[in-house]
Amino acid sequence: MKNVVERFLKYVKYDTQSLEDMDTVPSTEKQKKLASVLAEELKEIGAKNVRTDEHGYVYGTIPATIDKKIPVLGFIAHMDTSNAISGKDVNPRIVENYDGKDIVLNEELKITMETSQYPALEKYTGQDLIVTDGTTLLGADDKAGIAEIMFMAETLLTHPEIPHGTIQIGFTPDEEVGRGVDFFDVEGFGADFAYTIDGGELGEIEYENFNAAAAKLMFQGTSIHPGSAKGKMINALLLAMEFQNMLPVEQNPMYTENYEGFFMLYSIEGSIDTAKASYIIRDHDKAKFEEKKVRFQKIADYLNDKYGAGTVKASIKDSYYNMKEMIEPHIHLIENARKAMEELGVTPIVVPIRGGTDGARLSYMKLPCPNLCTGGNNFHGRYEYISIQSMEKITEVLLKIIALYTNQ
Ligand SMILES: [Zn+2]
């Protein structure tokens, strides 16, 4: 049996970076390579009903060992890595018995992970850490989740004496580009509830995320020679600035945290004649989220009143919603995760996510799906690292959750 670390070190060797703005799922063909490796491994360890599809999804089943009516649980992780930094030729290194000091990732390139900048490192003193060579990300997001699920699966399949219900496994492409569940076969997956294993440090349990919308603004100005512009010119770029200035200044990601929502301008371009701007709108609270969208539209209406109809066109589209509403009726998902951790001496950390997860979207596709930790830190960058002890603990947490559902 391969342990969780061996599996992880194997998976990070596959470059599975996904790309933004592609028409296809998966966005990059190379993700399918890992998909077929995982499908093969699932077959090897004895999973049933193993299948992949043209989009690179991998599914498999661990059959029940007992005849008892209990919920079918699913465990999901994503195969792709962020496009913020390369995930090619990942060269992981194990720092054994970490001494709590700065970690030199790459002597030649003088890349050091400093405790002053990453104070969370301190609590891993004495543990074994897997780090990068400073030139790529590590890919613990989310190959640690895959390795943990695989190890859990192999443990169950090699120990048929462990009582459990039917367990479904799903590995998805393109999570990092927001398309991870576009083609997820919820019905074929056949789970009543699931967990994504895609969070950060040991203990994290997440079931509240943002309500999210994307908004686009088109500004139509009137361009005219500046020498004769008096009373005639309408500068589209200044319209865009006027719009931004009417948004509440403090509701900006630069100034918000915890449950505070925001408007974020993320791109703007144009000329005197026309300009366009893109925003995202976020809030955990449904009512406040709706208010934000209304306010956004009202500013556009105001500018149209001021400068004439058609000056500003706003289109606002919801992206995803807070899964809390879908999880709360099944709060046992959170309670059992909490209990599993506590019984294993892990302190649960329940925090709102300031973003979305694949599970949030799945929760609105009739598969309630909170998110659990992988054990990793500093995702999407060269300073990404993961503790081996955390990974091992998380596999125990997964097995414990399954036991809690079996024995209740
Ligand atoms: Zn992830």
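The values are calculated or read from the model by the stated rules, or taken from the named source; none is laboratory data. The structure presented is a predicted model; accordingly, all values stated were derived computationally and were not measured. Every residue, glycine as well, gets a Cβ built from its backbone with ideal geometry; the counts of neighbours run over all protein chains shown. The protein model used for the area step is the full one, side chains on, heavy atoms only, and it has no ligands, DNA or RNA in it. Shrake-Rupley method; radii C 1.70, N 1.55, O 1.52, S 1.80 Å.
Among the numbered criteria (1) part of a strand (DSSP E or B); (2) more than 30 Å from PHE193 (Cβ to Cβ); (3) within 28 Å of the chain's Cα centre (by Cα), which single criterion is violated by VAL294?
All conditions pass for VAL294, except number (1).
Taking GLY165 as the residue in question, decide whether it is of a type in the set (Gly, Ala, Ser) and within 20 Å of LYS339 (Cβ to Cβ).
yes
Identify, by number, the condition in (1) within 16 Å of ALA77 (Cβ to Cβ); (2) part of a loop (DSSP other than H, G, I, E, B); (3) within 16 Å of the ligand (Cβ to nearest atom); (4) open to solvent by less than 20 Å² (accessible area, probe 1.4 Å) that LEU367 doesn't meet.
Looking at each condition in turn, LEU367 falls short on (3).
Quick check: anything in region 211-222 within 16 Å of the ligand (Cβ to nearest atom), touching a strand residue (DSSP E or B) at 6+ places or on another chain (Cβ under 8 Å) and either aliphatic (A, V, I, L, M) or not in a loop (DSSP other than H, G, I, E, B) (or both)?
There is no residue in region 211-222 that is within 16 Å of the ligand (Cβ to nearest atom), touching a strand residue (DSSP E or B) at 6+ places or on another chain (Cβ under 8 Å) and either aliphatic (A, V, I, L, M) or not in a loop (DSSP other than H, G, I, E, B) (or both).
Is at least one residue of region 53-70 away from the ligand (no atom under 16 Å from the Cβ), surrounded by fewer than 19 Cβ atoms within 10 Å (Cβ to Cβ), outside any loop (DSSP other than H, G, I, E, B) and under 25 Å from the mean Cα position of the chain (by Cα)?
no
Tell me, please, whether a residue that is among the β-branched types (Val, Ile, Thr), at pLDDT 95 or above, more than 16 Å from the ligand (Cβ to nearest atom) and within 30 Å of GLY190 (Cα to Cα) can be found in region 312-333.
The answer is yes; a qualifying residue exists.
Restricting the search to region 346-364, which residues are away from the ligand (no atom under 16 Å from the Cβ) and open to solvent by less than 70 Å² (accessible area, probe 1.4 Å)?
Correct list: VAL346, PRO348, ILE349, VAL350, PRO352, SER363.
Are any residues in region 379-408 part of a loop (DSSP other than H, G, I, E, B) and open to solvent by 50 Å² or more (accessible area, probe 1.4 Å), and if so, which ones?
Residues satisfying the conditions are PHE379, HIS380, ARG382, TYR383, GLN408.
Across region 1-31, what is the number of residues that are modelled with pLDDT of 95 or more and within 30 Å of HIS159 (Cα to Cα)?
11
In region 113-140, what residues are in contact (Cβ under 8 Å) with a residue 12 or more places away in the chain and not in a loop (DSSP other than H, G, I, E, B)?
MET113, ALA120, LEU121, GLU122, TYR124, LEU129, ILE130, VAL131, ALA140
Filter region 185-204 down to residues that are buried (at least 22 other Cβ atoms within 10 Å of the Cβ) and of a type in the set (A, V, I, L, M, F, W, C) and give me whichever is nearest to the ligand (Cβ to nearest atom).
Out of the qualifying residues, it is ILE197.
Specify the residue that is most open to solvent (accessible area, probe 1.4 Å); the eligible residues are those in region 309-325 that are closer than 23 Å to ASP358 by Cβ and basic (Lys, Arg).
Here the residue is LYS317.
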